[in-house]
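Okay, structure first, notes after.
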Amino acid sequence: MDIVGTILDIPVQDPPDEDFSSADLTWTKFGTPEHHDDVALIPYSRVDAFIIGECSNVECPTRFHIERGRKRLKGSLKEYKNDEYLEYKMYWCSFGPENYGEGGGILPSRRYRLNTRNRAARPQSMRGCTCHFVVKRLYARPSLALLIYNDRRHVNKAGFVCHGPLDRDAIGPGAKNIPYICSEIQQQTMSMIYLGIPEENVLEKHIEGIQRYCGSDAKVNSLASQYVHKLGMIIRRSTHELDLDDQASIRMWVERNKKSIFFYQDNSETDAFILGIQTEWQLQQMIRFGHRSLIAADSTFGIKRLKYPLCTLLVFDARQHALPVAWVITRSFSKPDVSKWMKALLDRARSVEPGWKVSGFLIDDAAAEIDPIRDIFSCPVLFSLWRIRRTWLRNVVKKCPNTEVQREVFKRLGQIIYSIWDGSETLAALEELVLDFADQTVFMEYFKAFWVPKIEMWLSTMKALPLASQEASSAIEAYHAKLKTKLFDDSHLNALWRVDWLVHKLTTELHSSYWLDRYADESDSFKNVREEYINSTSWHRALQIPDSAITFDEKDHLYAKVQSQKDSSVTHLVWNPGSEFAFCDCPWSMQANLCKHVIKVNMICENRQGCQSSMSMQSFREILLNIWRMPLDDSLALDQSMAWTYQMLDQIQKLVELNSTNDIGTVVKRLPIQWLSKKTRTSVCVPSTTLGLPSSSRDSTRIAVALKKNRKRKRLSRLR
């Protein structure tokens, strides 16, 4: 099409229909070869008919609002061009320009909702639509209007249809009639559908939620029923494959879900693929439960079965359950790459809460990079034994057929780790294990090939870092088991090597499951979900076993018996009691998990004479002794070590007192800092200057401050 350089060459069009749209007009390219627009000339009196026709688009029904407008008075210009405007109005589709949907963003300049005609019914209905056009009432010919269509397609910045019947993510063209649904109600409904709860129960809870905003009404209930039904259909029909090519599909998902991504680095010749996922709800939980608390990493999940391994960052909630707050999908564990996504994660948290800080970081892999954690999070690093214990126990059960051999091999593996603190030779214990069980060829071949070359690295890491407790290990293991159940279902084996499938499973089913768990626990609803959530860790299940159900071998101290709470005729044997490497014959333990029977027996062994301390306690004691073992001639270092030791002991004593007391008031009264009154509190810990003044001085000070404020108000009133 030729480009027209003057507006005088553009014909005036006046379609005969009462209402008409852009499809009824012939558009001309007007401007220069470098910059030109699609334009059309119509009578100014037909502008409203054009707008009505555009709103009646069958594929994308909408309304248009005035996004920007300007006016000139007739005769205000002495010299003007043929395309100068008398009135200028930019009409934008009311599903834009902001994007309040998932992955969208609000315009930086938009600080309030525009008070204009034909605005979208609700701000949350905006989806970033880019469709807009300009109407110019010509200064030279006021009876004509120049239409300039900048973007005719109802798509977002990524090029996807963002509203109307063609939108795959929309509830339907009648979505504007549905009652107000906040994000909490929508997330609750989605979570229940993902969990497989019947639609009748989902609808009942959904109506209860929206009635808090809309009240009880037959029309509201009918529309809510349609909403739940259509949302269920969308969830069931949704697919992870946005494109046949996995890499292209991930790029499209990233473009759609920018709000749920804290770091993204595409795969190239120089850079490794890294995708960091964190939803807004996960960010809230990380800020809430991670501040001045612990963060744990379940690293290298699916390193053999997935295209890219998955690393999960966990926080511990009020019940000390592990809660996933971020997922990192990458195969690169180099220091520069780890530093990139860790810094991005910390920056995102501090953009919401500037003072957010972590007290400790738990790792489960001896090969993990520790320097980025210390440099970025500025916190101590702890080591959790759950992964090495689980790996060893799984292979012992799998590769050693005899039960007696299994428990003895597992006990000797534990002794290798205990040798770090009991003073025995680690290499001697390792050689003794290899010689004594030389007949277990399958296990020994595995152990020599995979563990002997790197056992020194693992033992040195355990010796250098404090060890995490069994409660933390059981919480991380519970998350790991749930993640494995969700991902490694037989129906999904063909999709394991697609990253878009992994992202889809994490952000839909797994995310919704944990959201509903937390919601059920805090709102005291969904009794079955709440009970299952509370008992999801072996630690909490162990607390339900009474002490009377445990009996010990008083003669040789080789085992302990645990009576089943469901069937009193069933008894489980726990060999090597008191150790993290205790061996239980229950089905859960035979699947290489840390079972409730082992935890309960170890709880009782803490107060029994003759039982060895846990590895975490021995590690803690070793750290304290190392602080005390400073050379006496280095007086400054000795003073510093004593100060650190007593500071830690003081904090531990306060924590024990706080956990054991029944009256919090008695503990608070003994705190060193006590505010005298609310009026004397000061900001930024600056002492108040009025505390030491007599009452008359304080009264005069208050009067002077009041007079000063009055003078300030008078000056401001004069300026107005």
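The values are calculated or read from the model by the stated rules, or taken from the named source; none is laboratory data. It should be emphasised that the depicted structure is a prediction, and the values quoted were computed from it without experimental measurement. Positions of Cβ are generated from backbone atoms using ideal geometry, with glycine treated the same way; all protein chains shown enter the neighbour counts. SASA here: full protein model, heavy atoms, side chains in, ligands and nucleic acids out. Shrake-Rupley method; radii C 1.70, N 1.55, O 1.52, S 1.80 Å.
Only residues that are of a type outside the set (A, V, I, L, M, F, W, C) and over 49 Å from the mean Cα position of the chain (by Cα) were counted across the range 32-47, and they come to 5.
The residues listed here are Val601, Val570; of these, the one that is open to solvent by less than 30 Å² (accessible area, probe 1.4 Å), among the hydrophobic types (A, V, I, L, M, F, W, C), out of contact with any Asp or Glu (no Cβ under 7 Å at 6 or more places or on another chain) and without any contact (Cβ under 8 Å) to a residue 60 or more places away in the chain is Val601.
So that you can scan it fast, the table gives a plain yes or no per residue for (1) more than 12 Å from Gly276 (Cα to Cα); (2) open to solvent by 20 Å² or more (accessible area, probe 1.4 Å):
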residue: Gly302; (1), (2): yes, no
residue: Lys307; (1), (2): yes, yes
residue: Arg319; (1), (2): yes, yes
residue: Leu323; (1), (2): yes, no
residue: Ile329; (1), (2): no, no
residue: Lys335; (1), (2): yes, yes
residue: Lys343; (1), (2): no, yes
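Can you give me the number of residues within the range 394-410 that are in contact (Cβ under 8 Å) with a residue 60 or more places away in the chain and either surrounded by fewer than 18 Cβ atoms within 10 Å (Cβ to Cβ) or within 20 Å of Glu477 (Cα to Cα) (or both)?
Residues flagged as in contact (Cβ under 8 Å) with a residue 60 or more places away in the chain and either surrounded by fewer than 18 Cβ atoms within 10 Å (Cβ to Cβ) or within 20 Å of Glu477 (Cα to Cα) (or both) within the range 394-410 amount to 4.
Take Glu431 and decide whether it is charged (D, E, K, R) and assigned to a helix (DSSP H, G or I). Yes; evaluated as a whole, the condition is true for this residue. Evaluated against (1) farther than 21 Å from His132 by Cβ; (2) part of a helix (DSSP H, G or I), Ile52 falls short on exactly one condition, (1). Taken together, the residues in the range 250-273 that are open to solvent by less than 30 Å² (accessible area, probe 1.4 Å), under 18 Å from Arg331 (Cβ atoms) and among the aromatic types (Phe, Trp, Tyr) amount to 1.
Using the structure shown, decide if Leu73 is more than 22 Å from Thr130 (Cα to Cα) and open to solvent by 40 Å² or more (accessible area, probe 1.4 Å). So Leu73 passes the test.
Residue under question is Glu353, and the condition is that it be open to solvent by 70 Å² or more (accessible area, probe 1.4 Å) and in contact (Cβ under 8 Å) with a residue 40 or more places away in the chain; does it hold? When the stated conditions are applied, Glu353 passes them.
Would you be able to say whether some residue in the range 178-198 is of a type in the set (D, E, K, R), closer than 16 Å to Thr508 by Cα and modelled with pLDDT of 70 or more? So far as the range 178-198 goes, yes, one or more of its residues are of a type in the set (D, E, K, R), closer than 16 Å to Thr508 by Cα and modelled with pLDDT of 70 or more. Taken together, Trp588, Trp539 contain a single residue that is open to solvent by 70 Å² or more (accessible area, probe 1.4 Å), modelled with pLDDT of 90 or more and either of a type in the set (Phe, Trp, Tyr) or in a helix (DSSP H, G or I) (or both), which is Trp588. The residues of the range 472-489 that are surrounded by 17 or more Cβ atoms within 10 Å (Cβ to Cβ) and either in contact with a Phe, Trp or Tyr (Cβ under 8 Å, 6 or more places away or on another chain) or outside any helix (DSSP H, G or I) (or both), listed by number, are Ala472, Ser473, Ser474, Ala475, Ile476, Glu477, His480, Leu483.
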